[in-house]
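Structure, as structure tokens:
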Amino acid sequence: MSLYRDQAVVLRTHKLGEADRIITLLARERGLVRAVAKGVRKTSSRWGARLEPFMHVDLQLAEGRSLDTITQAVTLSAFAKDLGADYPSYTAGSAMLETAERLVDGDGEPAVQQYQLLVGALNALAMRRHSPGLILDSYQLRALSVAGYAPTFAACALCGLEGPHRNFHVPSGGTLCDRCRVPGSSTPAAATVELLGALLAGDWPVADTSDDRSRRDASGLVSAYLSWHLERGLRSLAHVDR
Amino acid sequence: MYDGVIQDLIDELGSLPGVGPKSAQRIAFHLLDADPEDVRRFAAVLVQVKEKVHFCSICGNVTEDTECRICADARRDPTVLCVVEESKDILAIERTREFRGRYHVLGGAISPIAGIGPDQLRIRELLQRLGDGTVTEVIIATDPNLEGEATATYLLRMLAPLGVRVSKLASGLPVGGDLEYADEVTLGRAFEGRLSVGGAPAEPRP
């Protein structure tokens, strides 16, 4: 039985047997990991709240045949404490965890960028730096970019003509110029396209001053873009309290 | 693989939670050896539990009647309502013999990642129950985990405009444990909810 150390964010938990849980983790060096936490549901459990979703932990795991076993856990940041106490942040954070679970592979490869992005986003959410809905949309756009599905908002996604353009087409990968426009494109307002670009680039002064309508339209486009690339929508998106 | 009905029985038993293929086989052969009368009684109970048991029309607890034993008991205090996630939680609280009010079962906790939002729980029924003004205090007793906390936060937001007193079960260090093994969240909670046990009266917390 070989032991290894890794830092991870807890994405999801499933009950296993009488008092155990299977913990799905986004680990820095190993990507998506599923590991067993023994006795975690007992009130006298030494794990306590360390293996709840949103917790950012330093772990020691023992490799197993199908599932690894968690042998030690130390809290790095207790995001669960702040997010559980604020309903909009909790629902936005849940959608982030589901996004990460769907975008990262469980093939044991490092997922440093996705891991850092998720930790950063959860930190921003826990510190209430911006509106939870904006943090979620920005995280999803950037997580898609890291996974290789970066959308284009500043130029035409097909011919590269500098923008901004008003046509948005999900299967083409972003905005299109009038010459490349394909049937089925939507025409979001200029402010919405500007917000999407700001969210992708992390230009928070622009994003924070956007109006409600642009935010609503932008989040609709982000979730359409995400659903297209993930092939089916996220369950948690319907419950996000914006 | 066994033939016919014995394999069917093993397959059915194996689909139960916590029963693996080996256990299913052991139970199946135990039933085969058991007294026919015992097995018949066991089968009858299985059928009856699906036919007779349903949810209480008031609180959502499991019962054989329209109203559960607790809702029908006139001696229970109608002004205090304890909100729990599952019927199993009622049993746990009843065992303490500390609570003499009534219950409301939500049927789970809010978990967006599992596709469960406020609309899938019995929150609307809870608000309807509070409508007539009989209840003056609501005790939120959801599980002390992330989903339970988020559900409590949501309930608090819904209950605040109604003017009822809302309290939440204390959480902190488990009895029989060691302080040094407590995690940061649990220990932090224990500090937040600390009790004054004497001396000078406590300053109001900021």
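Some notes on this structure:
- Among the numbered conditions (1) more than 13 Å from chain B (Cβ to nearest Cβ); (2) touching a Gly at 6+ places or on another chain (Cβ under 9 Å); (3) open to solvent by 10 Å² or more (accessible area, probe 1.4 Å), the only one that A:C156 does not meet is (3).
- Residue within segment B:92-101 that is of a type in the set (D, E, K, R) and surrounded by 14 or more Cβ atoms within 10 Å (Cβ to Cβ) present: no
- Scanning segment B:27-41 for residues being open to solvent by 90 Å² or more (accessible area, probe 1.4 Å), among the charged types (D, E, K, R) and either over 31 Å from the mean Cα position of the chain (by Cα) or closer than 17 Å to B:I10 by Cα (or both) gives a total of 3.
- Residue count for segment A:77-116, restricted to those that are within 12 Å of chain B (Cβ to nearest Cβ) and either modelled with pLDDT of 95 or more or assigned to a helix (DSSP H, G or I) (or both): 22
- Qualifying helices (runs of 4 or more DSSP H) (wholly inside segment B:83-198; at least 2 residues being hydrophobic (A, V, I, L, M, F, W, C) and within 13 Å of chain A (Cβ to nearest Cβ)): B:146-159, B:184-192
- Residue in segment A:36-43 that is open to solvent by less than 40 Å² (accessible area, probe 1.4 Å), in contact with a helix residue (DSSP H, G or I) (Cβ under 8 Å, 6 or more places away or on another chain) and closer than 21 Å to B:A182 by Cβ present: no
- Taken as a whole, the condition of being of a type outside the set (V, I, T), open to solvent by less than 10 Å² (accessible area, probe 1.4 Å) and within 14 Å of another protein chain (Cβ to nearest Cβ) does not apply to A:L61.
- Only one of A:G39, A:G48 that is within 8 Å of another protein chain (Cβ to nearest Cβ), at positive phi and without any contact (Cβ under 8 Å) to a residue 40 or more places away in the chain: A:G48
- In segment B:10-26, residue surrounded by the most Cβ atoms within 10 Å (Cβ to Cβ) [restricted to those that are within 12 Å of chain A (Cβ to nearest Cβ) and in contact with a helix residue (DSSP H, G or I) (Cβ under 9 Å, 6 or more places away or on another chain)]: B:V19
- Among residues of segment B:155-172 that are in contact (Cβ under 8 Å) with a residue 40 or more places away in the chain, those with a beta-carbon under 9 Å from a residue that is part of a loop (DSSP other than H, G, I, E, B) and open to solvent by less than 90 Å² (accessible area, probe 1.4 Å) at least six positions away or on a different chain give the pairs B:L155/B:L106; B:L155/B:T142.
- Residues in segment B:146-187 that are polar (S, T, N, Q), under 30 Å from A:H14 (Cβ atoms) and out of contact with any Lys or Arg (no Cβ under 6 Å at 6 or more places or on another chain): B:T151, B:T153, B:T186.
- Residue under evaluation A:R242, criteria (1) in contact (Cβ under 8 Å) with a residue 24 or more places away in the chain; (2) part of a helix (DSSP H, G or I); (3) not aliphatic (A, V, I, L, M), criterion not met: (2)
- So B:A44, is it within 27 Å of B:D132 (Cβ to Cβ) and either among the charged types (D, E, K, R) or surrounded by fewer than 11 Cβ atoms within 10 Å (Cβ to Cβ) (or both): no
- Scanning segment A:172-223 for residues that are more than 13 Å from A:F153 (Cβ to Cβ) and in contact with a Phe, Trp or Tyr (Cβ under 9 Å, 6 or more places away or on another chain) yields A:S185, A:S186, A:T187.
- Test: residue in segment A:214-229 that is open to solvent by less than 50 Å² (accessible area, probe 1.4 Å) and free of Cβ contacts under 8 Å to residues at least 12 places away in the same chain: yes
- Complete set of residues in segment B:3-35 that are among the small types (G, A, S), in a helix (DSSP H, G or I) and more than 18 Å from A:E18 (Cα to Cα): B:G4, B:A28
- In segment B:21-43, the residues that are closer than 14 Å to B:D8 by Cβ form Cβ pairs under 9 Å with partners that are among the aromatic types (F, W, Y) and open to solvent by 80 Å² or more (accessible area, probe 1.4 Å), at six or more places apart or across chains, as follows: B:Q25/B:Y2; B:A28/B:Y2; B:L31/B:F42.
The values are calculated or read from the model by the stated rules, or taken from the named source; none is laboratory data. Being a predicted model, the structure only gives us computed values, none of them experimental. Positions of Cβ are backbone-derived with ideal geometry, glycine not excepted, and every protein chain shown enters the neighbour counts. With ligands, DNA and RNA removed, areas are computed over all heavy atoms of the protein, side chains included. Shrake-Rupley method; radii C 1.70, N 1.55, O 1.52, S 1.80 Å.
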